[in-house]
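So the structure is just underneath, and the comments pick up after that.
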Amino acid sequence: MFSSKLLEAHKGYTINYFYDFKKLYRIDTLDQINKTKSDVVAIDMAVNYKMKAFDNHVTLLNSEDEPNPNSANLNNIYKISRNKYYFYKYAMSTLLTVVSLYDIFDYKQLTDEQKLVLWAIDSSYLGFYQPYERDQFAHKKYREFLELEELASVLYTYQKSDFIEVIQEYKLNEKICIDQDGYLKTGIALDKLQSLFSCFNLDFSLPSQQFTMSHEFSQTAGKQAYLVDNDFLNKCFSHAFTGQRWLSYTMI
């Protein structure tokens, strides 16, 4: 949600589709627009078919496999795969990739509360506090690569429990879904986010247009990772190794 709003403000993107792993929805009036696959950018989705995307999931079975070349995904760039380097994966949010890529914020101008929220989304703070050296190493590596050290100042001055409180206050773990009438709804405290980031002219409201289902996927499931090969992955609309031993996928 946050990533979409930043891209809306800085790249002129608009939210025209919604994907919930079972169905793909689009805004009713989209038929009036000449849209092609090249016009669509998936946000926080590990899509195939060379679709454009901003993503943070592990998608490769083997490091030598060819990733989606149109996906801005650090795990693809570093060849992180299910079979190699999995525990050194980029485990932070798509949001922070977008923030870094487009230099959206002057980190020195952000309040601690704003920084806490940015790190709390998708639990991007977590690797910093993990007891395992490999997790700490990976977190540091990607902070430095994305030039987030100024933003990371709050990681050194606050505790893990502070981020949990922020998640609860802004209800950041709440889902976004389509209601029975075809409108997006969420339990995320969008009004509080709007107030917190008001100086950046961001609009956190959900689209007011009605959505219609455009495709229902034949299979949405999980599978033991050792049971899949690249032939299977190439048939998926989206897939991600959500654990070294587990694949989540959607099949057209």
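The values are calculated or read from the model by the stated rules, or taken from the named source; none is laboratory data. Keep in mind that what you see is a predicted model, and the values were worked out from it rather than measured. When we count neighbours, we look across all protein chains shown, and the Cβ atoms used for this are built from the backbone with ideal geometry, even at glycine. These area figures cover heavy atoms from the full protein model, side chains too; ligands, DNA and RNA do not enter into them. Shrake-Rupley method; radii C 1.70, N 1.55, O 1.52, S 1.80 Å.
Residue-wise test of (1) under 27 Å from residue 17 (Cα atoms); (2) modelled with pLDDT of 95 or more; (3) under 18 Å from the mean Cα position of the chain (by Cα).
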position: 178; (1), (2), (3): yes, yes, no
position: 188; (1), (2), (3): yes, yes, yes
position: 193; (1), (2), (3): yes, yes, yes
position: 234; (1), (2), (3): yes, no, no
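Within the range 127-139, the set of residues being open to solvent by less than 100 Å² (accessible area, probe 1.4 Å) and either assigned to a helix (DSSP H, G or I) or closer than 10 Å to residue 88 by Cα (or both) comprises 127, 128, 129, 134, 135, 136, 138, 139.
Filtering the range 102-112 to residues that are touching a helix residue (DSSP H, G or I) at 6+ places or on another chain (Cβ under 6 Å) and not in a loop (DSSP other than H, G, I, E, B) leaves only 112.
In the set (1) touching a strand residue (DSSP E or B) at 6+ places or on another chain (Cβ under 7 Å); (2) open to solvent by less than 10 Å² (accessible area, probe 1.4 Å); (3) closer than 14 Å to residue 145 by Cα, residue 81 fails one condition alone, (3). Residues in the range 166-190 that are outside any loop (DSSP other than H, G, I, E, B), closer than 15 Å to residue 118 by Cα and open to solvent by 50 Å² or more (accessible area, probe 1.4 Å): how many? Total meeting the criteria: 2.
Counting only residues that are surrounded by 18 or more Cβ atoms within 10 Å (Cβ to Cβ) and of a type outside the set (Phe, Trp, Tyr), which one in the range 140-165 is farthest from residue 74 (Cα to Cα)? So, considering only residues that are surrounded by 18 or more Cβ atoms within 10 Å (Cβ to Cβ) and of a type outside the set (Phe, Trp, Tyr), the one farthest from residue 74 (Cα to Cα) is 154. Within the range 208-224, residues that are farther than 19 Å from residue 180 by Cα and open to solvent by less than 70 Å² (accessible area, probe 1.4 Å) have Cβ atoms under 7 Å from residues that are part of a strand (DSSP E or B) and not polar (S, T, N, Q) in these pairs: 221/249; 222/246; 222/247; 223/247; 223/249, counting only partners at least 6 apart in sequence or on another chain.
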